[in-house]
Structures are given as C-alpha cells and as structure tokens.
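The values are calculated or read from the model by the stated rules, or taken from the named source; none is laboratory data. Every value quoted in this text rests on a predicted model; they were computed, and no experiment measured them. FYI the Cβ positions are ideal-geometry reconstructions off the backbone, even for glycines, and counts take in every protein chain you see.
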Amino acid sequence: MTAQADPQPIPAAKRAYIGDWKGKDMELNIEASGKLHYKRNQPGKNLDLNVDILDFNGDNFDAGVGILRSTFVVTQPPHLQDKQMKMTVDGVELTKVE
C-alpha cells in the first residue's frame, strides 16, 4: 500500500490563489479545499486534470494524485494590475475571472 498525500486546504497566506484563472490556452480553478482543475491546450497535447494541491513551496505549488505530482512554477504570484488580479504560472499570464 502506497502512502498518499491528502489535499490540504489552501493556507491563509495563499488565499489570493483561490478562484478561476484564465489565460492563453490555460485555465486553473483553485478551490479553498485544495482541489485544482487544470486545463491546458498546446499543440499536440491537451490536458484536462482534476487533482489535489499537495503543498506550496514559496510561490510555487505541487499538485497531483498519489505518487504522480507536478510543480506549477509561479513567476508572478497573484497581484493587482490594471484593476484585475493577475498571476503567471508556467510562463502563462492568467487573469482572475470574477
């Protein structure tokens, strides 16, 4: 039996990450419970995943199921820009959808 990490609720310091985010060929839905819905369309590779956020490492976060995990690299954490919330994940600028 393999030990499996349970989803962790989003920590208070990372609450700004919660919500629906959209950008070029990418969508993220981050729930307060720690659930992540991730969609990304790239040439020859379309992903549509429902996984758990396992932990945060600085601005980045790890998500996955069981032993399969991936790090989402956040180069710009959530911030206000031109009256909209923005963040950059894996090189894609995302805008929070209200």
For Pro78, indicate whether it is of a type outside the set (S, T, N, Q), part of a strand (DSSP E or B) and in contact (Cβ under 8 Å) with a residue 24 or more places away in the chain.
yes
Since Leu54 meets every condition but one in (1) surrounded by 14 or more Cβ atoms within 10 Å (Cβ to Cβ); (2) among the aliphatic types (A, V, I, L, M); (3) assigned to a strand (DSSP E or B); (4) at pLDDT 95 or above, which condition does it not meet?
(4)
Please pick out the residue among Gly23, Gly66, Gly44 that is in contact with a strand residue (DSSP E or B) (Cβ under 8 Å, 6 or more places away or on another chain) and not polar (S, T, N, Q).
Gly23
Per the filter on segment 41-64, residues in contact (Cβ under 8 Å) with a residue 40 or more places away in the chain and of a type in the set (A, V, I, L, M) are Ile53, Leu54
Boolean, Gln84 is over 15 Å from the mean Cα position of the chain (by Cα) and modelled with pLDDT of 95 or more:
yes
Going by what's in this entry, would Glu93 be described as surrounded by 15 or more Cβ atoms within 10 Å (Cβ to Cβ) and touching a Gly at 6+ places or on another chain (Cβ under 8 Å)?
yes
Under 7 Å by Cβ, and 6 or more places apart or on different chains, what pairs join a residue from segment 14-40 that is closer than 13 Å to Ile53 by Cβ with one that is of a type in the set (Asp, Glu)?
Ile18/Glu31; Asn29/Asp20; Gly34/Asp52; Lys35/Asp52; Leu36/Asp52
Look through segment 32-51, keep the residues that are within 21 Å of Thr95 (Cβ to Cβ) and touching a Pro at 6+ places or on another chain (Cβ under 9 Å), and return whichever of them is surrounded by the most Cβ atoms within 10 Å (Cβ to Cβ).
Leu36
